[in-house]
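The values are calculated or read from the model by the stated rules, or taken from the named source; none is laboratory data. As the structure is a computational prediction, the values presented were derived from the model and not from experiment. Here Cβ is always computed from backbone atoms with ideal geometry, including for glycine, and neighbour counts include all displayed protein chains.
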Amino acid sequence: MRLQLLLSAFVATAVVSVALAQPAAPQMRTFMNSKEIMGLIEKAKADRKDNAPLVAEPILSLAPYRAQLEYRPGTSPAAVHEKDAELMVVLEGTGNIVTGGKLVEEKRNNANNLGGSSITGGNSQAVAKGDMLIVPANVPHQVIPTGGAPIVLMTLHVAFPPQNWPPAN
């Protein structure tokens, strides 16, 4: 009886240990209303540290996709996403989004992304609330707020090229 109890305790401990060691699956969220999104803007303002030019907050998540709110009170470094296209929707504010050209002071941020202080030779597109654009993979881009106020974007990275594209139908 004692051995059985001891064995049961050991198995239970092992099961709990394995369960706790498993990485948690990303939380799935497929809807957020406008009031919640406006609350995220306030959260981003509160989360901003040391005059950071960018604060990101998650909006929606459905693996492998993640829509995020980007609160941008200042000019962030330029970026190149080598394996993702990036959809941008302006939620608030105005700005210029520079695309193309070449990164200045290019450096590798991680395995899939490059960064730079700015872009030389790019095309600048003025944007305002409601505007949207998509930046193809491997294209330098930089968001520059204008009008004396932050620009707030919804961004979504999409693997490029997508698998099984174009669809067979």
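Would the range 35-43 turn up any residue that is out of contact with any strand residue (DSSP E or B) (no Cβ under 6 Å at 6 or more places or on another chain), modelled with pLDDT under 95 and either surrounded by fewer than 17 Cβ atoms within 10 Å (Cβ to Cβ) or of a type outside the set (Ser, Thr, Tyr) (or both)? Scanning the range 35-43 turns up no residue that is out of contact with any strand residue (DSSP E or B) (no Cβ under 6 Å at 6 or more places or on another chain), modelled with pLDDT under 95 and either surrounded by fewer than 17 Cβ atoms within 10 Å (Cβ to Cβ) or of a type outside the set (Ser, Thr, Tyr) (or both).
If I filter the range 59-73 for residues that are charged (D, E, K, R), surrounded by 14 or more Cβ atoms within 10 Å (Cβ to Cβ) and not in a strand (DSSP E or B), do I get at least one hit?
No, that holds for no residue.
Restricting the range 27-51 to residues that are part of a loop (DSSP other than H, G, I, E, B) and without any contact (Cβ under 8 Å) to a residue 12 or more places away in the chain, which is farthest from VAL152 (Cα to Cα)? Spell out the reasoning first.
Of the range 27-51, the ones part of a loop (DSSP other than H, G, I, E, B) are 27-28, 30-33, 48-51.
Cutting the leftovers down to without any contact (Cβ under 8 Å) to a residue 12 or more places away in the chain gives us 33, 49-50.
Details: ASN33: 16, LYS49: 17, ASP50: 18 Å.
Checked the range 27-51; the qualifying residue farthest from VAL152 (Cα to Cα) is ASP50.
If the condition is being surrounded by fewer than 18 Cβ atoms within 10 Å (Cβ to Cβ), over 20 Å from HIS157 (Cβ atoms) and among the small types (Gly, Ala, Ser), then the range 96-118 contributes SER117, SER118. Apart from one condition, GLY93 fits all of (1) buried (at least 16 other Cβ atoms within 10 Å of the Cβ); (2) more than 25 Å from PRO161 (Cα to Cα); (3) in contact (Cβ under 8 Å) with a residue 60 or more places away in the chain; the exception is (3). Of the set (1) in contact (Cβ under 8 Å) with a residue 12 or more places away in the chain; (2) farther than 16 Å from HIS157 by Cα, all apply to GLU86 but (2).
Residues checked against (1) polar (S, T, N, Q); (2) surrounded by fewer than 17 Cβ atoms within 10 Å (Cβ to Cβ):
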{"position": "THR120", "(1), (2)": "yes, yes"}
{"position": "ASN123", "(1), (2)": "yes, yes"}
{"position": "LEU133", "(1), (2)": "no, yes"}
{"position": "GLY148", "(1), (2)": "no, yes"}
{"position": "ILE151", "(1), (2)": "no, no"}
{"position": "MET154", "(1), (2)": "no, no"}
{"position": "HIS157", "(1), (2)": "no, no"}
